[in-house]
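These notes concern the structure reproduced below.
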Amino acid sequence: MTDGDPVGCHDCGALYRWRPVADGQRARCTRCGNVLYRGYATGPAPTPASMVAVTLGAVLVYLIAQCFPIVELEMNGLTSGATLLQAIGVLWNERMEVIAAMVFFFAVVFPALELGALLYVSAGLLRGRRVPGFHLLLRVVQGARHWAMTEVLMIGILVTAIKMTSLARVIPHPGLFAFGALTILCAVALRYEPRALWALGDHAGPPPPSSGLWKERDKAGVDNAAVDTAAGPPVACHACGLLNDCACEGRHCRRCGATLHRRIPNSITWTWALLAAAALLYVPANILPVMYTESIGGTGGDTIMSGVVLFWETGSPGLAIVIFVASVLVPVSKLVALALLAGTAQWGSRWAPAGRTRIYRMVEFIGRWSMLDIFVVTLTVALVRFQTLAVITAGPGALAFGCVVILTMIASAQFDPRLIWDALDDKEKRVEHNGEMHA
Ligand SMILES: [Zn+2]
Ligand SMILES: [Zn+2]
């Protein structure tokens, strides 16, 4: 990027001219408040060396976290412990394959993809080149990061451990500490945004010529200055943020290869359809039990709400509030907020666009936290295996709830925030047009 290049806002589609900002400073969109770019796009941070150090550390800690048991329970001389993969295996064997697959992808596969791709890309940047497949790998980082839920899993582990102290003696194992360290390193790695890395990659050398498989898109000198604005407003790539000529609709981004759209096709229809499915499933998710407990005292099922009430009554109001916020408040407010966004965008409302964009960003940010209860159910089911004393199994409510979380996450990804601003843009255009007519 050089001074004066056009830059597009991801959330509202407004166009700006790029100006250098100091290290640690952010350039924000004046109409929706979104961060357009950070000072380190040109400054010294993040250096490839620090990226390699952090991601390599995260990969090692990830391997420890996945290979060692997380906690062990001891009850009347019987012990029971599990690694995350063993816990997933228990769910799978109990015919809860869908929940097992969800946990496997969110807690095992997506973090591995994110960290692996990030490590490979930064190792290349350390040597001053783009690795073969650089653009594809950055899109993998971007996508995997959206679905990797290490921090949610960590809170789930803590909630489960605290919950289990009322039932048995809880002995921490290396997996617990490794997941704690992994959460911190992943938070640091969030700083390495794919958009900033794309900018770093533009200045790095091309991949070695032997890597013929990937060479088609790895041309040097891709920048926003090359866009032709004469034919109309350019289209910003939704993946890498690069501006493309307005004739590019439906074609591929000239840098990263993502399909270009002025707006996500059928965005509102898809959002409504996914929301309706999520709202329907939300009913069984709350009525059916998420867990069954079999113990000497008898057999019983727990719904999400009865679990919250139980925590409250047994003297853990903190846990009751955490589960209530993650499992009831977040999904309900997400459904309401997305319905509000889709409805107002569909009717072309001009009410508080900046506020509505902020609601959209909030929905994107909090959505993942609803998975907390699913992680707690998975770990509880795997840990409470004391033959005749107590056995906990997962119920159909957990399956319905997991589907609600995934459907609302896809719905918010399908909603195009630029639609919020279209009604205003249309009005501005009309005013301009009328002005010319009168002149
Ligand atoms: Zn904006
Ligand atoms: Zn792109």
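The values are calculated or read from the model by the stated rules, or taken from the named source; none is laboratory data. Being a predicted model, the structure only gives us computed values, none of them experimental. Cβ: placed from backbone, ideal geometry, glycine included. Neighbour counts: every protein chain shown. Side chains are part of the model used for accessible areas, which takes the heavy atoms of the whole protein and leaves out ligands, DNA and RNA. Shrake-Rupley method; radii C 1.70, N 1.55, O 1.52, S 1.80 Å.
Couple of notes before you dig in:
- Rg and Dmax of the range 363-422, based on Cα coordinates, read 16.9, 62 Å.
- Loop trypsin sites (Lys or Arg not before Pro), the range 112-196, which have at most 16 other Cβ atoms in a 10 Å radius of their Cβ (DSSP): ARG127, ARG191
- Rg and Dmax over the alpha-carbon atoms of the chain stand at 24.5, 91 Å.
- Across the chain, Cα pairs under 8 Å and at least six residues apart give a relative contact order of 20 percent.
- Distance between the pseudo-spin-label points of GLU94 and THR314 (7 Å out from Cα toward the beta carbon): 1.5 nm.
- Percentage relative contact order, the range 264-439, counting C-alpha pairs under 8 Å, at least six apart: 39 percent
- Normalised per residue, the volume of the convex hull around the Cα set of the range 264-439 (Å³): 113 Å³
- Potential extension, ALA53-ILE162 segment - 0.36 nm per residue separation minus Cα distance: 35.9 nm
- Accessible surface of the chain, 1.4 Å probe: 65 percent of it comes from carbon and sulfur atoms.
- Net lengthening on full extension, ASN266/ILE287 (0.36 nm per residue, minus Cα-Cα): 4.3 nm
- Per-peptide average of other Cβ atoms within 10 Å, ordering 55-63, 116-124, 27-35 highest first: 116-124, 55-63, 27-35
- Among the chymotrypsin sites (Phe, Trp or Tyr not before Pro) in the range 334-420, those placed in a DSSP loop whose Cβ has at most 15 other Cβ atoms within 10 Å are TRP347, TRP351.
- GNM on the chain, alpha-carbon springs under 10 angstrom: the most fluctuating residue among ASN93, ASN244, ASN286 is ASN93.
- Amide H within-cut-off set for LEU243, under 5 Å, with H built and near neighbours excluded: CYS237
- At R0 = 45 Å, FRET efficiency that the Cβ-Cβ distance of TYR16 and GLN86 yields, to 0.05: 0.30
- Based on protein heavy atoms only, the range 264-439 ends up with 46 Å² per residue of surface accessible to a 1.4 Å probe.
- Extension gain from THR299 to ALA339, taking 0.36 nm per residue of separation minus the Cα-Cα distance: 10.5 nm
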